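Reading through the C-alpha cells given below for one structure.
The values are calculated or read from the model by the stated rules, or taken from the named source; none is laboratory data. Quick caveat, the model's predicted, so the values are computed rather than measured. So basically every Cβ, Gly included, is an ideal-geometry build from the backbone, and we count neighbours across all protein chains shown.
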C-alpha cells in the first residue's frame, strides 16, 4: 500500500478464521431462554411474630432491620411490607455488585441485631435471588407407587431430591402432594373442667413427655460458680398413660380427658396436573442458565435413578418447559434460516453470480459466528427478542457487504467505508434510545438492541477488512449485473426522463413538501384511530392459555375450595384437545387452573369455545367466586362479595406513617364531598386498582365491664374459658411404630365446631357462672388493619375510590388533587402521585424518544458530512417513511405492540442509510446540476438490493398471522416503512437537496471546479475520485 501500512489479505483471512473457530466453540455457552430475564440482583428477608399486628411488626422489627441494611454498600433499593404476624424486606443490589459480599454483610448485621428484637420474633431468613431468578418451574415429575404417601415421601427425600439438588443450574427441588400422618390429641373441655385440669397443664405434660427429659432442680458442683441442672429422663411409657396432673391424690392421665388419633395431615395447599392427586417433584432453575441444557441434565439424572427404584415405583415426566422453549426457538430459528435462504436467493437472482452469492453468504456466516463471542462476553441471552435482533440485522449485514463489494470491485479502495460507518452509526444511535425507556420496556428490548449493535459493529469490521481481503482472492466483476445494449438504452432513457421529472417538479418543491406533510398528518390520524391506547404496547408473547381462578368467601377452608375445583377439573378432563391443565390452591380464597392446548388446536376456535363452556360451568358451580380470562377479551367474573375494583387511585408517600395517614384521612374527607366519588378507602398498595379490605377481617370482642362486675366475672377467666374451647396448638414430634417421625397436635373437641353463632348464643361456664358471651360484651367483625409498605425509607398509602363519570373527568379530578397536595398541602418529605398518572407520563416520554433519535442522527450526519444542511435532507426521510408504517398498521388492522415501536426505532436508523449512500456519492462528483441524478444512477441498484432484501427477509415472520406477538407487528411496520422509503428517495429527497452553487440553470456544469476541500458544507469525502489503481485505505 502506497504511503501507509497494509495488513496482507492472507493474514486478515487467517485472523477471521481463528475468530470464527472461537465463536463456534462458544455457541454451547449461550443462554437459551424464551423470554428475557430480569438481570437485577435481589435478596429478601422474611420473619414471623405470632399474634403481632402489622403496626407492631413494622415499628419493632421491620424498621429496625431496614435501618441497619440500608447503610450497607452495594444496595440500590430497599422495600418492605409488614402484615399481621409476618414481614418481609426486598433488597435490590446495584449492577455488577458482589452478591456474596453483600449477603455476608447482611447476615452479620442480622446476627448482631437479633438480640435487640422482641421475644417471639423468629430469626430473619435471608434468601438470595440473583437476576430476578425465574420462579416458574422447568420440570415436573409425578411419582406413583403402591406405598403409603409418607413412605413415598421418605424415599424421595433420601434417594432423589439430593441428587437433583446438586445439579448445576438447579435452584431448588420441591416435593408436593404427599400427605404425612400426624397424631391428634383431642381433649374434651367438659371433662377437663370436671377433672380440674387446664389446657396449659395438659400441654406441659404432653410436651415434657415428647421431649423425653425434664429439669427438676440444680445442685452445687465442685466449682462453686457452677450449679448444674438435675435432669430427670422419663421412663418409656405409653402416651395414653402419661400423667397430666395430681388432683386430690388422684392421678389424671391423658386417656381420662383426651383421645389419641392417627390422622393424615390436612393439606394446606394443593398442586395437581390434569386433576390427578399425585406426588410431584418440581424443579426450579437458577438464573443465567441454559434452560434446555439443565432440563436435559435433570432428565439424564432421573433416568439413572430410575434403575434403582423399588418395584412398582415409577416417575413420569408431567411438564417440561424445555420442550416449549425448543419448539418456539426452533420455530424462530427456522424462520431466520428461511430469511437467510430468501436473501441469498434474491441476491443470486439479481446477480446470476454464484461467486457473488457465495461471497455474501460467507461474509454473513463469519459475521454471525464472530458476534457470538460478544454475546457470551456480554452475557446476552438468546430469546425471542434477541433472535428478532439477529434476524433484522441479517439484511443490514448483507447491505454492508453488497455496498463494499460493489465499491471495492469498481474503485479498488475502501473510501465507501465512511458512508457505511455513517449509516451504521445512525442505526446504532437510534437503538441506544431503548436504554432510556422505562425499566419494564427496557428489559424487553435491551437484548434486542444490544444484539443489533453487536452485529453491526462486527459488520463494520468485516466490511472494512474481511470483504476486501476475500475479494483479493475471489474477485468479482466490477459490474455485477451485465446489461445488454438494449437494456442500457432503456436505462439511459429512464434516467433522462427521471431527470426531467425531477427538474420540473423541483419548481414546485414547496407544494411537494406540503403534500408530504399532509400525507404524514393524515396517515398518523388514521393510525391513531386504530391504536388501542398504550395498553397493547407491551404484550407478552405466549401460547393461548385459559386461566380459571376461584375463591371461597371468608370463613371457608382450603378443602372446601378444593372440592368445588375438582368439579371443574372433571369437566376439563373430558376434552382431548387439552394438552394439560395445572391446578394450584394456596388458600381458601386463592385457587387457579391454567389450561394449555395442543399445538394443532392453538390457532382454531376451540379455545374460545371452551372458554364459553367453562363460563357456563362456573355459573352452575355456585358458592365460589369464579374468574375466567385469557384467549380473548371476553372475560368473566361473578365475585359475590361486592366488587373491590376502584377506578381511581391516589398514592401518598412520606417518612412518617401517622402523619401520612392523617393526610390520607383529609383527602378522603375532601373527596367524599364530591357527589361523583364513592367507595373511599385507605389501604396499602398491594394492587393499585383492587381493594384488599374485603379479604382481611377479624372478630373483636369488646367487654362490657359493668356486666362483668354484675356477674362477678374476671376478664381473664372469660378469656381462659374461650381459649379452652378454641385451643389448637402444635406440641412436638414423636416416632411411630414403623419409625416415622410425625407431628403431634393438641386440640379441643370444640375447636372445629365452635363458631361465632355458638359464641353469641351458647352458654359457657366461666368460673361458676353459665353465661353467653354477648351478655358480657359485643362481637363485631372489622378490618384487621392495612399492610404497611415502605420503599427507600418512605411509607406508602393509597386512597382508592370509584368515580362516576367519564375517564376525562376522573383524570382531571386526579390531576387537580395531586397538584393541590404537592403544591399547597404536603410538606417536604411527602408527595402525591398515581400509577395511572405516572404511566401516562412514561408513555408520553416514550414517543419523545423518537425525537431524540432524529437529533442523534442529525448530529452524526453533521459531523461526517461537515454540513448543517445535508443532514436535514437525510433526517427528512424518517417522517416520510413513517407514512408507510402508519398506513401498514391501519390497512392491515394489526395490533401495535412493542414490535411496532421497535420497527419505528429500526426504521429511523435504517431508512437514512440509503440517503447517506446517495449523498456520499453526490459529494464525490464534480458540482453539476445533474450531480444528484448521476449519484442516484450509480447507487440505486445496490440501494434497491438492500431495501428489497430487508423487505424479503421479513416475509417469513408474517406466516403465523396477526396473533403473533412482536414479530408480525415488527415485520409489517418495517416492511411498510422500507417500501415507502422508495418514495422518499425517488421524489422527496431530490426536492430538498440544494442545487450546487455555480451550476447553470440549464444543467451546464460550473466553469471552474472547486478545489479540494473548498466545496463547503456539502462534502463527506473530499478530493477527486480516485482511479482504480489507487491504493486502498
*For the stretch 3-69, list the helices (runs of 4 or more DSSP H) that sit wholly inside it and hold at least 1 residues that are at pLDDT below 90 and over 30 Å from residue 470 (Cα atoms); which are they?*
54-57, 63-69
*Any idea which residue in the stretch 172-187 is modelled with the highest pLDDT, counting only those that are surrounded by fewer than 19 Cβ atoms within 10 Å (Cβ to Cβ) and more than 29 Å from residue 260 (Cα to Cα)?*
174
*Check 167, 138 and return the single one that is farther than 25 Å from residue 741 by Cβ, at pLDDT 80 or above and surrounded by fewer than 18 Cβ atoms within 10 Å (Cβ to Cβ).*
167
*If you take the residues in the stretch 305-330 that are in a helix (DSSP H, G or I) and touching a residue at least 60 places away in the same chain (Cβ under 8 Å), which one is farthest from residue 385 (Cα to Cα)?*
305
*Take the residues of the stretch 80-109 that are in contact (Cβ under 8 Å) with a residue 24 or more places away in the chain and in a helix (DSSP H, G or I): which is surrounded by the fewest Cβ atoms within 10 Å (Cβ to Cβ)?*
101
*Of these, 343, 364, 377, which one is within 30 Å of residue 403 (Cβ to Cβ), free of Cβ contacts under 8 Å to residues at least 12 places away in the same chain and under 36 Å from the mean Cα position of the chain (by Cα)?*
377
*asked:* Considering only residues that are within 21 Å of residue 975 (Cβ to Cβ) and buried (at least 22 other Cβ atoms within 10 Å of the Cβ), which ones fall in the stretch 864-893?
replied: 877, 878, 880, 881, 882, 883, 884, 885, 886, 888, 889
*Give the residue that is modelled with the lowest pLDDT, with candidates limited to residues of the stretch 583-613 that are assigned to a helix (DSSP H, G or I), crowded, with 20+ Cβ neighbours inside 10 Å and touching a helix residue (DSSP H, G or I) at 6+ places or on another chain (Cβ under 9 Å).*
607
